[in-house]
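Report on the following structure.
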Amino acid sequence: MRILISSFIFLMVVAGLRAERTRISFNFDWRFSLDGTTAAAAEGFDDSRWQSVDLPHDASIAGPFVKDSLGSDQKNGFLPRQKGWYRKVFTPEAELQGKRVFFEFEGVYRDARVFLNGREVAHQLNGYEGFLVDVTDVIKAGVPNVMAVSYDNTDLESSRWYNGEGIYRDVWMLVTEPVYVDYHGTYVHTPFVSDEVARVALQTEVVNSRPDSVWVTLHSDVKDPEGKVLQTLTSTVPVASGEVYYFRQQAKVVSPRRWDIEHPELYEVVSRVEVEGELSDLYRTPFGIRTVEFTPEEGLLLNGRKVLAKGVNIHHDLGPLGAAAFERGFERRLEGLKRLGVNAIRLSHNPHDKFILDWCDRNGMLVVDEPFDKWADQFFGQGNRFEDHWEESLMAFLKRDRNHPSIIIWSAGNEVHQQRSPRYDFGVPMTKKIYDFIRSFEPSRAITVGLHPSRKSGAYRSENYYREGPPEMVFYMDVVSTNYREEFWPVDKANHPQLIFMLSEAQVGNLGNEWFNFDHRSSVGLFYWGGTDYIGESFGWPAKGWTNGIIDWNDHWKPFSYYIHSLYSEEPMVHIAAFDDSNVRQQYWNEVQLRYQPLFSHWNWAGRDSVDLYTFSNAQEVELFLNGRSMGVLQVPEEYYTKDIRAYTADEYDPDNPINLGPAMHKNLAWRIPYEPGVIEAVSKIDGKEVARHRLETAGAPARIVLEADRSEINADGQDLSYVTVKVVDKNGVLVPNAEHEISFRVSGAGSNLAVSSADMITDAPFVADKRKAFQGKAMLVVRSEREPGTIKVRATARGLRTANIEIITR
């Protein structure tokens, strides 16, 4: 968790330290306004009427949702794009003479300008890119200082999805000695790994900001996962004034413990910088020891073992929290995906919050890391050419992320327009340029680009579309990532056997059956689009975002989630989901035909003679019981529980009709059951023994509210969250699936109401409110802690329902 200390206490501590750098949160006690005046940069500007906010803060998520008559902002979920200002007054009480003072902004969307005491000290175009600001020569000790930050999010083309706006990630204040490790200034990798020994290569960038040359000693302590020092490497060199010196050292770890998805062992390098015998800086770098290979025969090999990437794509918003980057929000989302059986995520299509990478390192989640979407001015703003800015942004991205063992491959872009254009030589020159840049700076990982379509001309459904070969870019890629077009893999692999394929985006609109559509033995794996519902990229009003995610934007599982769970998870499971083929919706999107079938996990079907059901399971057979009577046994297709998927071959490929939407495997799990109220129960078995059970019960009339906090104790740090699931249940505690009561919330004590939500993506109701209508019997309240320990009291009321209360302790 963050170290949350007031700036007053922090700087008093700094005054008494000479050794380790000090880094504190600068998230609290800001003022905010949508005022567009440039006068807000001035020290004496009156901001007394501005809103008080703490960071992280998304200035757009409060809404309102507004239908654009031109339909141009469905990309942003119909939420506003605005300009705004933040201001903060702080007084450094300690003596800063001889120190270096920095502020780190992890993300401001976008076109951020930072002012300290009226002076502009930074300008950052890319809202997804963190940046460090050196304020040593501007900050004033012992008197009030004023920091002001402006942003401009009015560019309609800056993202194809909801980006949020404002200071939506953390801000930190950093104080060091004049000789220090540079920003993201360590690079640790393992060029050789065996069971007996691993070589660890260390590069450390040390800055000398003193006016004179000095002798600098770097001690690098290599620690094992328990914190025991295995080896200390020492180098002493002269470093000139203003120089950035690159120390290069190599350690040896005997009998290394591998980082893996099952046992994510993490080592650490502690860099101790000394000047003339005095400790000047101390910097910590976690790292992992593992090997990653990609081969045409086996796809992904992690530590020499075949691993199939069972992945999803995620965008950076947290549903009702918008883009505000709360660590607990990411943690909860990733925990849910891991329970689903996901072992890999593609961070689409921009640099994500670095906490996500830290979590993946600690929890054994593989990562496809992606700095850009299109190779265009997109992230930099119209008129700021990609060609003028990509190298600086890519360098910052690589320096920040390169030490994370969870990252297995760099994805340099997604569906880039150059792929289709003869004007750009079909993307080959830019591909080579970006690849060469990455390899010269970080050569330890493979590189890919998400391609779509995966034919040479890109002229979808042209006369020769199916007979064409792959686009030229694939021959310069370490791994060929295709979005949605895995049906061409067999023929492309037959003609070009060196190619290694990864399904970087697989649609879920066909109930996720692309899982059965490719050879699992030779491919890297697949990443469903999307792992969750998200704001923006709407098909049109009134939908506020992408509705075809596996999990909803509150991180609640949908009935469909359990189908993916049956494919991805090794844990035996079964789940009942009802469906109605007459409600199937189809959407042609991004040259892909999406088919969406609503599913429901309840047993309230009054007025129907029969109900169609699926029983999703990865066991061998499922028996279904209605009010205790057996309705029969279905055998689960072998592909489910053996996970041995061998797709059709090039010999079976029909160039006149190659599109295979995936075998309708779920149809083998379908039932038609006569409806009667009561209990329906599915029991799954392996070798005749029960391994899992799922039960649905008919709900009666709505009677009361139930509040379920995901954690009853949270940290009193002003940053921690508790997600409170709100249910409308009958007198027996059964969820009422058609309940739509408006529920009012009162939060008091040591916390506040951060957001309310439901899974309804059609409603215009705001996320920042004290009430929410239930959707399918459920809603969500997110509570944020304050900085003093105590008790948060939550009360939920609705007309006609018994009131609910819950308490959450903050420590």
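Overview of values
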quantity: Single residue of region 755-789 satisfying the filter (of a type in the set (Asp, Glu) and over 26 Å from Arg811 (Cα atoms)) that is surrounded by the most Cβ atoms within 10 Å (Cβ to Cβ); calculated: Asp760
quantity: Residue, farthest from the chain's Cα centre (by Cα), within region 706-722, restricted to residues that are open to solvent by less than 10 Å² (accessible area, probe 1.4 Å) and at negative phi; calculated: Ile714
quantity: Top-ranked residue in region 407-456 [being open to solvent by 10 Å² or more (accessible area, probe 1.4 Å), out of contact with any Asp or Glu (no Cβ under 6 Å at 6 or more places or on another chain) and small (Gly, Ala, Ser); ranked as modelled with the lowest pLDDT]; calculated: Ser421
quantity: Scope region 472-491; condition open to solvent by 10 Å² or more (accessible area, probe 1.4 Å) and either on the phi > 0 side of the Ramachandran plot or at pLDDT below 95 (or both); matching residues; calculated: Glu472, Tyr484, Arg485, Trp489, Pro490, Val491
quantity: Tabulated pairs, region 497-515, first closer than 12 Å to Leu451 by Cβ, second of a type in the set (Lys, Arg) and open to solvent by less than 10 Å² (accessible area, probe 1.4 Å), C-beta under 9 angstrom, 6+ apart or interchain; calculated: Ser504/Arg346; Glu505/Arg346
quantity: Within region 773-811, tally of residues that are of a type in the set (Lys, Arg) and under 26 Å from the mean Cα position of the chain (by Cα); calculated: 2
quantity: Index of the failed condition, Ile792 passing every other in (1) open to solvent by 30 Å² or more (accessible area, probe 1.4 Å); (2) aliphatic (A, V, I, L, M); (3) part of a strand (DSSP E or B); calculated: (1)
quantity: In region 174-232, residue farthest from Thr22 (Cα to Cα) [restricted to those that are within 29 Å of the chain's Cα centre (by Cα) and of a type in the set (Phe, Trp, Tyr)]; calculated: Tyr187
quantity: Residue check, Arg169 open to solvent by less than 10 Å² (accessible area, probe 1.4 Å) and more than 24 Å from Ala39 (Cα to Cα); calculated: yes
quantity: Residue satisfying all of: in region 723-754; among the aliphatic types (A, V, I, L, M) and open to solvent by 30 Å² or more (accessible area, probe 1.4 Å); farthest from Gly319 (Cα to Cα) among these; calculated: Leu735
quantity: Residue match in region 766-787 (condition: touching a helix residue (DSSP H, G or I) at 6+ places or on another chain (Cβ under 8 Å) and either hydroxyl-bearing (Ser, Thr, Tyr) or in a strand (DSSP E or B) (or both)); calculated: yes
quantity: Residue match in region 151-165 (condition: at positive phi and in contact (Cβ under 8 Å) with a residue 24 or more places away in the chain); calculated: yes
quantity: Those residues of region 103-116 which are crowded, with 20+ Cβ neighbours inside 10 Å and either farther than 20 Å from Lys140 by Cα or not aliphatic (A, V, I, L, M) (or both), in sequence order; calculated: Phe103, Phe105, Glu106, Gly107, Val108, Tyr109, Arg110, Asp111, Ala112, Phe115
quantity: Search result, residues across region 351-368 that are of a type in the set (Asp, Glu) and closer than 17 Å to Gly311 by Cα; calculated: Asp361
quantity: Condition check for Glu226: over 30 Å from His520 (Cβ atoms), open to solvent by 30 Å² or more (accessible area, probe 1.4 Å) and at pLDDT 95 or above; calculated: yes
quantity: Filtered residues of region 42-61 (kept if over 21 Å from Arg169 (Cα atoms) and in contact (Cβ under 8 Å) with a residue 60 or more places away in the chain); calculated: Ala42, Glu43, Phe45
quantity: Residue in region 631-664 that is modelled with the lowest pLDDT, counting only those that are among the aliphatic types (A, V, I, L, M) and closer than 11 Å to Phe516 by Cβ; calculated: Leu661
quantity: Residues of region 405-460 satisfying the condition of being among the charged types (D, E, K, R) and in contact with a His (Cβ under 6 Å, 6 or more places away or on another chain); calculated: Glu415
quantity: Given (1) within 30 Å of Trp359 (Cα to Cα); (2) open to solvent by 30 Å² or more (accessible area, probe 1.4 Å); (3) at pLDDT below 95; (4) not polar (S, T, N, Q), index of the condition Leu17 fails; calculated: (1)
quantity: Residue satisfying all of: in region 559-580; at pLDDT 95 or above and in a strand (DSSP E or B); farthest from Glu537 (Cα to Cα) among these; calculated: Val574
quantity: Residues within region 127-165 that are open to solvent by less than 10 Å² (accessible area, probe 1.4 Å) and in a loop (DSSP other than H, G, I, E, B), tallied; calculated: 11
quantity: Qualifying residues in region 280-301 (those that are β-branched (Val, Ile, Thr) and open to solvent by 10 Å² or more (accessible area, probe 1.4 Å)) - the one farthest from Asp358 (Cα to Cα); calculated: Thr295
quantity: Selection status of Arg81, of a type in the set (D, E, K, R) and open to solvent by less than 20 Å² (accessible area, probe 1.4 Å); calculated: no
quantity: Failed criterion for Gly304 (all others in (1) open to solvent by 10 Å² or more (accessible area, probe 1.4 Å); (2) touching a residue at least 24 places away in the same chain (Cβ under 8 Å); (3) more than 22 Å from the chain's Cα centre (by Cα) hold); calculated: (2)
quantity: Pairs, first within 19 Å of Arg199 (Cβ to Cβ) and among the basic types (Lys, Arg) in region 250-268, second open to solvent by less than 20 Å² (accessible area, probe 1.4 Å) and in a strand (DSSP E or B), C-beta under 9 Å, six or more apart; calculated: Lys252/Ala198; Lys252/Val200; Lys252/Val222; Arg257/Tyr267; Arg258/Ala198; Arg258/Leu302
quantity: Sole residue being closer than 19 Å to Arg284 by Cβ, surrounded by 17 or more Cβ atoms within 10 Å (Cβ to Cβ) and free of Cβ contacts under 8 Å to residues at least 60 places away in the same chain, chosen from Leu218, Leu202; calculated: Leu218
quantity: Odd one out for His741, checked against (1) in contact with a Ser or Thr (Cβ under 9 Å, 6 or more places away or on another chain); (2) within 19 Å of Ala699 (Cβ to Cβ); calculated: (1)
quantity: Filter pass, Lys667 being modelled with pLDDT under 95, open to solvent by 20 Å² or more (accessible area, probe 1.4 Å) and more than 32 Å from the chain's Cα centre (by Cα); calculated: yes
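Yes or no, residue by residue, for (1) open to solvent by 50 Å² or more (accessible area, probe 1.4 Å); (2) over 30 Å from Arg455 (Cα atoms); (3) in a loop (DSSP other than H, G, I, E, B):
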site: Ser582; (1), (2), (3): yes, yes, no
site: Gln586; (1), (2), (3): yes, no, no
site: Arg595; (1), (2), (3): yes, no, no
site: Trp603; (1), (2), (3): no, yes, yes
site: Arg608; (1), (2), (3): yes, yes, yes
site: Thr615; (1), (2), (3): no, yes, no
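The values are calculated or read from the model by the stated rules, or taken from the named source; none is laboratory data. What you see is a predicted model; the values in this text were computed from it and never measured. Don't worry about glycine lacking a Cβ; one is built from the backbone with ideal geometry, like all the others, and counts go over all protein chains shown. Remember, those area values only see protein heavy atoms, side chains included, never the ligands or the DNA or RNA. Shrake-Rupley method; radii C 1.70, N 1.55, O 1.52, S 1.80 Å.
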